[in-house]
Amino acid sequence: MSKIKNVIKRSGTIVPFKKIRVMNAIYRAAISVGGRDKERAEFLADKVVDILEQKFDENNPPHIEEIQDVVEKVLIENGHAKVAKEFILYRDERNKKRKEDGKIASKPDQNIPWAKIWHVLDWAATHELNTIEKYNARIRNGEYPHIVHESEAAYEDDLDTAAQMIIDKSDKLKMVFISGPSSSGKTTTTIKIEKRLRKKGYKFATINVDHYFFDLEEHPTDEFGDHDFETPQALDLELINEHLLKLSEGKEVKIPFYDFKKGKRYLNQTPMKLKENEIILIDSLHGLFPEFSKDISNEVKFKLFLEPLLQMKDNEGKYIQWTDIRLMRRMLRDSVQRGYAPLQTLEHWHYVRASELRNIIPYANSADFIVNSGMPFELSIYKTKLLKYFEEWEEKFKDNPLKVDAYTRASRVRKLLAQFEPIEDDSPIPKDSVLREFIGGSIFKY
């Protein structure tokens, strides 16, 4: 049993020390550079603990920074320079972000699609939907169905533009990537784009990249037994890239099959070859991640990115965070389609957010076109469905040092939803709306 019982967080909070956290930090860094040896990660974690126990004990707990210093030292001294570099880079990224949080930006964030944001903001202001106060006034005036119509029309206009851009590039096109962070509406958007293009005579073949997941046992777990599927390294990127390249060259490949019940992948299962004038359509979180299609020329690719880019200020003058919208969407979808309790989604969201900030959002501006899937009216629907849960979670996690992320999100979303006029009747929302992917009642099968 370790002599070290606790660790001091950056906030000064003292929490229990868990070796599995050290092991997972090492394993995640290893996965990022192609390694998947859990036993080696545990061996190195033991080395870290041995060194820590020589310097610290239960009366003198280490600071998190001191633990990370030892991890770097152990990785380098045991011949894992690449893993150490990845660990150091990630640590440096997080430190920079912590320093920047709360500060006024001195220059624009290069990850934000500013031109698209301006377009969305202009639309919101024109329709009196750029603040919660103005939105609520329209709701109280009985304009809810009209707001739904305006919002859906703006989304459909985006899809029309995207479809036309694909057509304009179709003479060389081999594949279309529809990408974006979790619960941005990729599945519905993929269906709608495909329908538009099929009407114009285009043919498509789809690839489900979930079949390229590595076996479940190769994924890291935390001390709560939660698996991280959000990182692009959860997928066999080398095999995806190889198959896409061969398909674009007219060759046949055999797609693997992933058994989610067993958590196991079976290689060389389903033959696939593109027919004449057929385009590959791919709906994936990580479609813009460079390693996903690194050997394929941009000339044969069209990259579409989605995000609910809602431009609406709350009653304190702060813009609503897009990640909070997607969190609520995923809660509703996962509870119906995957049998997850909304609380599980909240507690898992730090994995989602950490991965998208590092592996998805930075590549948004590499897209050929960006679609806004945010609907001003969706928050009123979420209030009636979820507010009571966020109230419970805010109280539940208030003094829990191990659930700071869950508490912060629960408190912020609770305050947000409390400001909206509630709507229970979702009948004005079209059956083919992107929101039906999350609230149910869609004409599409997901």
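The values are calculated or read from the model by the stated rules, or taken from the named source; none is laboratory data. This is a predicted model, so every value here is computed, not measured. Using ideal geometry, Cβ is built from the backbone for each residue, glycine included, and neighbour counts are taken over all protein chains shown.
Looking only at residues of the range 100-139 that are of a type in the set (Val, Ile, Thr) and at pLDDT below 95, we find that the one that is surrounded by the fewest Cβ atoms within 10 Å (Cβ to Cβ) is ILE104.
Tell me, yes or no, whether the range 346-353 has at least one residue that is among the hydroxyl-bearing types (Ser, Thr, Tyr), in the same structural domain as LEU245 (by TED's automatic domain parsing) and in contact (Cβ under 8 Å) with a residue 40 or more places away in the chain. So that I can check it myself, show each step before the final result.
Let us first name the residues in the range 346-353 that are among the hydroxyl-bearing types (Ser, Thr, Tyr), namely 351.
Those still in the list that are in the same structural domain as LEU245 (by TED's automatic domain parsing) too: 351.
If we keep only those that are in contact (Cβ under 8 Å) with a residue 40 or more places away in the chain too, we end up with 351.
Yes, the range 346-353 contains a residue that is among the hydroxyl-bearing types (Ser, Thr, Tyr), in the same structural domain as LEU245 (by TED's automatic domain parsing) and in contact (Cβ under 8 Å) with a residue 40 or more places away in the chain.
This table checks each residue for (1) more than 18 Å from PHE214 (Cβ to Cβ); (2) touching an Asp or Glu at 6+ places or on another chain (Cβ under 9 Å); (3) at pLDDT 85 or above.
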| position | (1), (2), (3) |
| --- | --- |
| ASN24 | no, yes, no |
| ARG36 | no, yes, no |
| PRO61 | yes, no, yes |
| VAL70 | yes, no, yes |
| GLY79 | yes, no, yes |
| LEU89 | yes, no, no |
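Checking each residue in the range 246-266 for being more than 16 Å from GLU218 (Cα to Cα) and either part of a strand (DSSP E or B) or outside the structural domain of LYS301 (by TED's automatic domain parsing) (or both) picks out VAL253, LYS254, ILE255, PRO256, PHE257. Just the residues that are in contact (Cβ under 8 Å) with a residue 40 or more places away in the chain and closer than 23 Å to THR13 by Cα, please, taken from the range 69-93. Answer for the range 69-93, where residues must be in contact (Cβ under 8 Å) with a residue 40 or more places away in the chain and closer than 23 Å to THR13 by Cα: VAL71, TYR90, GLU93. Within the range 274-312, the set of residues being aliphatic (A, V, I, L, M) and not in a strand (DSSP E or B) comprises LEU274, LEU285, LEU288, ILE296, VAL300, LEU309, LEU310, MET312.
Of all the numbered requirements in (1) surrounded by 17 or more Cβ atoms within 10 Å (Cβ to Cβ); (2) more than 31 Å from the chain's Cα centre (by Cα), LYS55 misses one, and that requirement is (1).
Among residues of the range 321-343 that are of a type in the set (Gly, Ala, Ser), those with a beta-carbon under 8 Å from a residue that is in a helix (DSSP H, G or I) at least six positions away or on a different chain give the pairs SER335/PRO342; SER335/THR345; ALA341/SER335. ALA153 meets the conditions (1) at pLDDT 95 or above; (2) closer than 22 Å to LEU416 by Cβ; (3) of a type outside the set (D, E, K, R) in every case but one. The failed one is (2).
Does ALA29 satisfy the condition of being under 21 Å from PHE214 (Cβ atoms), of a type in the set (A, V, I, L, M, F, W, C) and modelled with pLDDT of 85 or more? Even if it seems obvious, please write down each step before you answer.
On the way: under 21 Å from PHE214 (Cβ atoms): yes; of a type in the set (A, V, I, L, M, F, W, C): yes; modelled with pLDDT of 85 or more: no.
It is false that ALA29 is under 21 Å from PHE214 (Cβ atoms), of a type in the set (A, V, I, L, M, F, W, C) and modelled with pLDDT of 85 or more.
Cβ-Cβ contacts under 9 Å between residues 6 or more apart (or on different chains), taken from a first residue in the range 425-446 that is farther than 13 Å from ARG333 by Cβ and assigned by TED's automatic domain parsing to the domain that holds ARG333 to a second residue that is β-branched (Val, Ile, Thr) and surrounded by fewer than 16 Cβ atoms within 10 Å (Cβ to Cβ), are listed as PRO430/ILE443; LYS431/ILE443; ASP432/ILE443. Checking the structure you have, find out if any residue of the range 345-353 is farther than 17 Å from ALA406 by Cβ and not charged (D, E, K, R). No, that holds for no residue.
For GLY142, indicate whether it is over 29 Å from the mean Cα position of the chain (by Cα), loosely packed, with under 14 Cβ neighbours inside 10 Å and modelled with pLDDT under 95. So that I can check it myself, show each step before the final result.
Details: over 29 Å from the mean Cα position of the chain (by Cα): yes; loosely packed, with under 14 Cβ neighbours inside 10 Å: yes; modelled with pLDDT under 95: no.
Answer is no for this residue.
Hey, does the range 315-328 have a residue that's over 18 Å from ARG412 (Cα atoms) and within 14 Å of the chain's Cα centre (by Cα)? So that I can check it myself, show each step before the final result.
First pass over the range 315-328, keeping only residues over 18 Å from ARG412 (Cα atoms): none.
Scanning the range 315-328 turns up no residue that is over 18 Å from ARG412 (Cα atoms) and within 14 Å of the chain's Cα centre (by Cα).
Yes/no per residue for (1) buried (at least 21 other Cβ atoms within 10 Å of the Cβ); (2) more than 30 Å from GLU143 (Cβ to Cβ):
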site	(1), (2)
SER355	yes, yes
ILE361	yes, yes
ASN365	no, yes
ILE370	yes, no
TYR407	no, yes
LYS431	no, no
